[in-house]
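To start, the structure under review is shown below, and the notes come after it.
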Amino acid sequence: MKTALSADAAAALIPDGSVCLIGGFMAVGSPHRLIDAMVRRGVKNLTIVANDTAMPGKGIGKLITCGAVRKVIASHIGLNPETQKKMISGELEVELVPQGTLVERIRAGGVGLGGVLTATGIGTLVEEGKQIVEVDGKPYLLEKPIKGDFALIGCKQADYYGNLEYSLTAHNFNPIMALAGKQVIAEPHHIVPVGVISPDDVKTPGVLVNHLIERAI
Amino acid sequence: MEDKDIIAQRVAQEIKPEMLVNLGIGLPSLVANFLPKDVHVFFQAENGVIGLGPRPPEGMEDEDLTDAGGGFVTAMPGAASIDSAMSFALIRGGHLDMTVLGGLQVDERGYLANWMVPGKMVPGMGGAMDLVAGAKEVIVAMVHTAKGAQKIVERCTLPLTAVRRVSLIVTEMAVIKPTERGLVLLERGPGVSLDAIVKATGAKLIIEGDVPEMRLN
């Protein structure tokens, strides 16, 4: 049985300087109420790992705008001009990672692997500074695991045990990130009694989830 | 017909029934408009759906169902919603039959550059590097020149997306197949002369016999 926290109480659990894995793809599937509460709290110096930084005024874009972020690890920042501006001015460090490599690095972090070998990025700028490992005559880049202090998850619904179900394209990075955070905070649209989510529909088992954010008012 | 419609219609002819196809955002996304009604394919949006459908009617949009550009879409009968790990497993694991991507440059080796212009445009590679490294067929759909500047060049000067020979280049002026021997000119655009193609191309073209015009509707 989990207890449900207010978004503000959950934001208070996240210290300045934390590494936060945040679910969402162009703000679809992000934990929006928690992000708003983090902005209200004035959190600083975060490292954010996410597919993208959405756009100004939406999802992770709000954290970029309010200056909460020191470093971003993402696959795409092209639709948020503020991220690009802050990167160029040196206010924000940005590490760009191919999308498939990013999700596999997070997965590696969450499932106890020492890294992944991938052909993606071979012969490109992504190769710089990385070890190349040959397997059966084919070169692969060694990409290291990513873990977070927190995984901040958006989902369709949770039951009282914290089992999570996702909706359509709002899955994206969420189920993988829920494996790779030391603390996992999930923000469901709905909280339902145990049993409402069929075992077959549980994509993130509740044993991984530390905190639920209370229902939207 | 507009240039982009010529390109999209010609690319659509490459798509065979039951393929799994990923269309990039922008020009490549127009390809779906030219697919014959009786050809059933699955379109993948890498943010998490197989069986992507057109934009829903006004007022019927679901905030949890978008394409990789963040636009509202529908899901076709037989669709599957997937997380980012599954999505890129399909792309990187050799399960994706075809990807259609835009291009900034393609060179004589068939290598593509399409993700950044140093000092000017650094949006991030998103899924492009994974798609080019992993898809069975890679089709580059782009206008032949950019404001007079050649885009098909001897050697890419922009950072590469991958060191993989793309399968086909389709522009409004030509269809070109990169091969071990170099770039083979397969077809001419509507009303375009061989001379005009050669002048607009910064790489050596292999021209064998009569080069037919594209067959468009």
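Note on A:ASP149 and A:LEU13: their simple-model spin labels are 1.4 nm apart, each label 7 Å out from Cα toward Cβ.
What 222 nm value per residue comes from the helices of chain B, counting each DSSP H run with n ≥ 4 as -39,500 (n - 2.57) and dividing by all residues, nearest 500 deg cm²/dmol? -4000 deg cm²/dmol, from helical runs alone.
Between rounded, prolate and oblate, where does chain A land on the alpha carbon gyration tensor, with a ≥ b ≥ c its root eigenvalues, rounded for a/c under 1.5, else prolate if a/b exceeds b/c? Note, shape of chain A comes out oblate. For segment A:196-217 versus segment A:8-60, the inter-centroid distance based on Cα atoms is 19 Å. Amide hydrogen proximity for A:GLN183: with H placed 1.01 Å from N in the peptide plane, the residues at 5 or more positions away or on another chain lying under 5 Å are A:PHE150, A:ALA151.
Dimensions of the protein assembly as shown from C-alpha coordinates, computed as largest minus smallest value along each principal axis and given longest first, are 75, 47, 43 Å. Couplings 3J(HN,Hα) for segment A:25-35, derived from phi with the Karplus relation 6.51 cos²θ - 1.76 cosθ + 1.60 (θ = phi - 60°), are 9, 6, 6, 7, x, 7, x, 5, 5, 5, 4 Hz, where x marks Gly and Pro.
Computed from label points 7 Å out along Cα-Cβ, the spacing between B:ARG55 and A:GLU128 is 3.9 nm.
Give me A:TYR166, A:TYR140, B:TYR111 sorted ascending by neighbouring Cβ count inside 10 Å, so fewest comes first.
On the way: A:TYR166 26, A:TYR140 18, B:TYR111 21.
With the fewest neighbours first, A:TYR166, A:TYR140, B:TYR111 line up as A:TYR140, B:TYR111, A:TYR166.
Can you compute the FRET efficiency between B:GLU137 and A:LYS138 using 1/(1 + (r/R0)^6), with r the Cβ-Cβ distance and R0 = 25 Å? Round to the nearest 0.05. Plugging the Cβ-Cβ distance into 1/(1 + (r/R0)^6) gives 0.80.
Ranking of A:LYS203, A:LYS138, B:LYS37 by neighbouring Cβ atoms within 10 Å, starting from the fewest: B:LYS37, A:LYS138, A:LYS203. Residue by residue, segment B:181-188 carries 3J(HN,Hα) couplings of 7, x, 8, 9, 7, 9, 9, 9 Hz when phi is fed to the Karplus relation 6.51 cos²θ - 1.76 cosθ + 1.60 (θ = phi - 60°); x denotes Gly or Pro.
Please give the average number of partner chain Cβ atoms lying within 10 Å of the Cβ of each residue in A:121-130, rounded to a whole number. Let's see the in-between values first.
On the way: counts 7, 6, 7, 12, 7, 7, 1, 0, 0, 0.
Mean partner-chain Cβ count within 10 Å for A:121-130: 5.
Once you reduce segment B:34-91 and segment B:119-164 to the center of their Cα atoms, the two points are 24 Å from each other. Close amide H partners of B:GLU46, meaning residues 5 or more places away or on another chain with modelled amide H under 5 Å apart, are B:ALA68. Ranking of A:ARG33, B:ARG181, A:ARG215 by neighbouring Cβ atoms within 10 Å, starting from the fewest: B:ARG181, A:ARG215, A:ARG33.
Given a cut-off of 28 Å, name the pairs among A:LYS85/A:LYS182; A:LYS58/B:LYS16; A:LYS58/A:LYS156; A:LYS147/B:LYS120 whose C-alpha atoms lie farther apart than that in the structure shown. Flagged as over cut-off: A:LYS85/A:LYS182; A:LYS58/B:LYS16; A:LYS147/B:LYS120. Around the amide H of B:ILE82, modelled in the peptide plane, lie the amide H atoms of B:VAL49, B:ILE50, all under 5 Å away and 5 or more residues distant in sequence or on another chain. Remark: segment A:108-123, residue by residue, has Karplus-estimated 3J(HN,Hα) of 4, x, x, 10, x, 8, x, x, 10, 9, 9, 7, 5, x, 4, x Hz, where x stands for each Gly or Pro and the curve is 6.51 cos²θ - 1.76 cosθ + 1.60 at θ = phi - 60°.
Bear in mind that the values in this text are calculations on the coordinates, not laboratory data. Bear in mind the structure is a predicted one, so any value in this text is a computation, not a measurement. Every residue, glycine among them, receives a Cβ derived from its backbone with ideal geometry; neighbour counts consider all protein chains shown.
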